[in-house]
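The block underneath contains the structure these notes are about, expressed in structure tokens.
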Amino acid sequence: MSLDAIKATFQASIDTKKALINDTKRLEELLEVAGVASSTIKAGHKIMLCGNGGSAADSQHIAAELIGRFEKERHSMAAIALTTDTSALTAIGNDYGYDQVFSRQVEGLGQSGDLLIGISTSGNSKNVVKAMEVAQSKGIRTVALVGDKPDGAMQAIADYVLAAPSTNTARIQECHILMMHTLCQLVESESV
């Protein structure tokens, strides 16, 4: 590893974020999703999040920002990461299969008026897709937080799509956390 390699990685991250900031359509979609998230909370409903691996960690991170606080003191917001209950995850995985670890939770915990944010860099995580299908059958709006892969299964079924302008997993994840931090900021500013 060299300093040039580190600089190249940093530059790739910067370039991806520049592509995001210069894409008005993507920014308008983020603003729209923030409005939906805010109205979900104001109506007394909850935001559910799910994903695998790094996207599971992002789900937990964003749920914590909403439940706790992001930047301002305000009331707690109803948010839950469907990735945190190891007993539910392992029981559902064992009894029904890993593809249903999130959909069973959405079936049991989700209510019409809630919002589900599914996170997948590929847009094809089967367990997230199934969760979105169950959500939609229950009147729960869905957001696909994905990479720049227009043929992903999640993009085809989600009510809203927030796509990072990259196909590189690390760059996608970096944009995901930036978009979700921005969503938290916008939702929080609406609640104060």
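Values in this text are rule-based calculations from the coordinates and carry no lab data. Only a predicted model underlies this, so the values are computations on that prediction, with no experimental measurement involved. Counting neighbours? That spans all protein chains shown, and the Cβs are built from the backbone with ideal geometry, glycine included.
Counting only DSSP beta bridges with both residues in region 3-191, the antiparallel share comes to about 0 percent.
Scoring 13-24, 132-143 by mean Cβ neighbours within 10 Å over their residues and listing the highest first yields 132-143, 13-24.
The mean sequence separation of alpha-carbon pairs under 8 Å and at least six residues apart, normalised by the residue count of the chain, gives a relative contact order of 24 percent.
Taking the C-alpha atoms only, the angle from helix 126-137 to the longest principal axis of the chain is near 50 degrees.
In the P(r) worked out for the chain, what percent of Cα pairs fall beyond 21 Å?
Result: 49 percent of Cα pairs exceed 21 Å.
If you take all other residues with their beta carbon under 14 Å from the beta carbon of residue 77, and give Lys and Arg +1 and Asp and Glu -1, the sum is -1. Phi angles across region 144-154 convert, under the Karplus curve 6.51 cos²θ - 1.76 cosθ + 1.60 with θ = phi - 60°, into 3J(HN,Hα) values of 9, 9, 9, x, 7, 10, x, 8, x, 4, 5 Hz, Gly and Pro given as x.
Per-residue extension of 0.36 nm, minus the Cα-Cα distance of residue 27 and residue 136, leaves a gain of 36.8 nm for this segment. When all alpha-carbon pairs of region 41-109 are counted, what percent fall beyond 13 Å? Within region 41-109, distances greater than 13 Å cover 66 percent of Cα pairs.
Each part reduced to its alpha carbon centroid, region 59-112 and region 126-148 end up 13 Å apart. Once the Cα-Cα distance is subtracted from the 0.36 nm per residue extended length, the residue 10 to residue 107 segment shows a gain of 30.8 nm. Coupling constants for region 37-54 follow from the phi torsions by the Karplus curve (6.51 cos²θ - 1.76 cosθ + 1.60, θ = phi - 60°), and in residue order they are 4, 5, 5, 4, 5, 4, 7, x, 9, 10, 10, 10, 10, 8, x, 10, x, x Hz; glycine and proline get x.
For region 1-76, the list of GluC sites (Glu not before Pro) that fall in a loop by DSSP and count at most 13 other C-beta atoms within 10 angstrom reads 71, 73.
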